[in-house]
């Protein structure tokens, strides 16, 4: 299937009530994980580690890039609003990067065999196109830290954690997907 064809197919998924319900559940899970599961390392406060990728990967595989982008972007905004409602510190550029991550996951994983190769390609694309260059550029501007210094620190943490995310996706999420049955009428 063509990558561009995945966008209209994913948009058509939103006409099903079951898809909207699954996306809403994934969004709720993304918000809860965004509030309670993210942590930063004490010596690297500019690197956030968590498991918020799980509902994004699930929605990307089940419903495509449009739904994954909504879950990723809206989840980021709602996590920030609900976690710290007094100090609204949302950065629209970072939210745009999270939306882009959802799109990448969706384009690669939607209607795929969900093989280890595709999982690795999806995670590598997210790291190479979003998490490392774009997020680091935005954080560099926000924190007044030189870009390449911040990039090296973030790469030292995010690349090994990317391997862990691939393993979690392969050995935890893939067995879960075999139990999920999305029935469309």
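The values are calculated or read from the model by the stated rules, or taken from the named source; none is laboratory data. Every value quoted in this text rests on a predicted model; they were computed, and no experiment measured them. As a convention, Cβ positions derive from the backbone with ideal geometry for all residues, glycine included, and neighbour counts pool all protein chains shown.
Below is a table of values for the structure above.
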item	result
Hits in the range 89-132 (condition: farther than 29 Å from residue 178 by Cβ, touching a helix residue (DSSP H, G or I) at 6+ places or on another chain (Cβ under 7 Å) and without any contact (Cβ under 8 Å) to a residue 24 or more places away in the chain)	89, 90, 95
Flag for residue 177 being in contact (Cβ under 8 Å) with a residue 40 or more places away in the chain, in a helix (DSSP H, G or I), in contact with a helix residue (DSSP H, G or I) (Cβ under 9 Å, 6 or more places away or on another chain) and within 18 Å of residue 43 (Cα to Cα)	no
Given (1) under 16 Å from the mean Cα position of the chain (by Cα); (2) within 19 Å of residue 31 (Cα to Cα); (3) without any contact (Cβ under 8 Å) to a residue 12 or more places away in the chain, number of the condition residue 74 does not satisfy	(3)
Number of positions in the range 1-12 that are in a helix (DSSP H, G or I) and more than 16 Å from residue 57 (Cβ to Cβ)	5
Qualifying residue in the range 140-149 (condition: more than 22 Å from residue 29 (Cα to Cα), out of contact with any strand residue (DSSP E or B) (no Cβ under 7 Å at 6 or more places or on another chain) and crowded, with 17+ Cβ neighbours inside 10 Å)	yes
Residue satisfying condition, being surrounded by fewer than 22 Cβ atoms within 10 Å (Cβ to Cβ) and at negative phi, within set 68, 60, 83	83
Options 96, 122: the member that is surrounded by fewer than 20 Cβ atoms within 10 Å (Cβ to Cβ) and outside any loop (DSSP other than H, G, I, E, B)	96
Evaluation of residue 33 against (1) at pLDDT 90 or above; (2) surrounded by 20 or more Cβ atoms within 10 Å (Cβ to Cβ); (3) farther than 17 Å from residue 177 by Cα (one fails), failing number	(2)
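Yes/no per residue for (1) more than 20 Å from residue 31 (Cβ to Cβ); (2) at pLDDT below 95:
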{"site": "83", "(1), (2)": "no, yes"}
{"site": "92", "(1), (2)": "no, yes"}
{"site": "99", "(1), (2)": "no, no"}
{"site": "120", "(1), (2)": "yes, no"}
{"site": "161", "(1), (2)": "yes, yes"}
{"site": "171", "(1), (2)": "yes, yes"}
{"site": "184", "(1), (2)": "yes, yes"}
